[in-house]
Amino acid sequence: MAEEAGFLQRLSRELIRFLTSSGGIKSIDALWITGSASRMEGMAAMLADVFGVEPRELDVLGRLQHSLADDEVEALAPQLAVAIGLVAAIPA
């Protein structure tokens, strides 16, 4: 638990540093998150504090046909975003 808190603190600091140094970002309208770490306790609150908007989990399976059960979708969806994005990017 202390390791996770330390990670979130460092990530927050680096995100604030990036936003400050970029200078061009005036406001964030929406924040979409995915990946296993997106469900880490405290992650959504930290991101909301940094960006000033509540993060929403990216629904990578919502518009795809699949045979996964609801519990499988709940468990796997955050881990599939990159793979699905890569498949969608490959020309037919």
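The values are calculated or read from the model by the stated rules, or taken from the named source; none is laboratory data. This is a predicted model, so every value here is computed, not measured. Here Cβ is always computed from backbone atoms with ideal geometry, including for glycine, and neighbour counts include all displayed protein chains. Accessible surface is based on the protein model in full, side chains and every heavy atom, while ligands, DNA and RNA are left aside. Shrake-Rupley method; radii C 1.70, N 1.55, O 1.52, S 1.80 Å.
Only Lys, Arg, Asp and Glu carry charge here, each on its Cβ (+1 for the first two, -1 for the last two); on that basis the chain has a dipole of about 540 debye about its Cα centre.
Inter-label distance, ILE33 to SER21: 2.3 nm, where each label sits 7 Å from its Cα along the C-beta direction.
Given axes a ≥ b ≥ c from the Cα gyration tensor, I'd like to know whether the stretch 48-92 is rounded (a/c under 1.5), prolate (a/b larger than b/c) or oblate. Oblate is the answer for the stretch 48-92, as a/c is 1.5 or above yet b/c matches or exceeds a/b.
Sparse packing (at most 14 other Cβ atoms within 10 Å of the Cβ) combined with a DSSP loop state is found for the following trypsin sites (Lys or Arg not before Pro) in the stretch 1-64: LYS26, ARG63. Available extension along the chain between PHE7 and LEU76 is 22.5 nm, counting 0.36 nm per residue and deducting the alpha carbon span.
Among the GluC sites (Glu not before Pro) within the stretch 25-92, those in coil by DSSP and having at most 16 neighbouring Cβ atoms inside 10 Å are GLU41. Taken per residue, the accessible surface of the chain reaches 74 Å², heavy atoms only and a 1.4 Å probe. Taking a temperature of 37 °C and a viscosity of 0.692 mPa s, what whole-number D in µm²/s does Stokes-Einstein yield for the chain with Rh from Kirkwood over alpha carbon pairs? Approximately 217 µm²/s, per Stokes-Einstein. Just the protein heavy atoms count here, and of the accessible area of the stretch 3-61 at 1.4 Å, carbon and sulfur take up 55 percent. Secondary-structure-derived ellipticity at 222 nm for the chain, considering helices only, amounts to -18000 deg cm²/dmol, per-run term -39500 (n - 2.57) for DSSP H runs with n ≥ 4.
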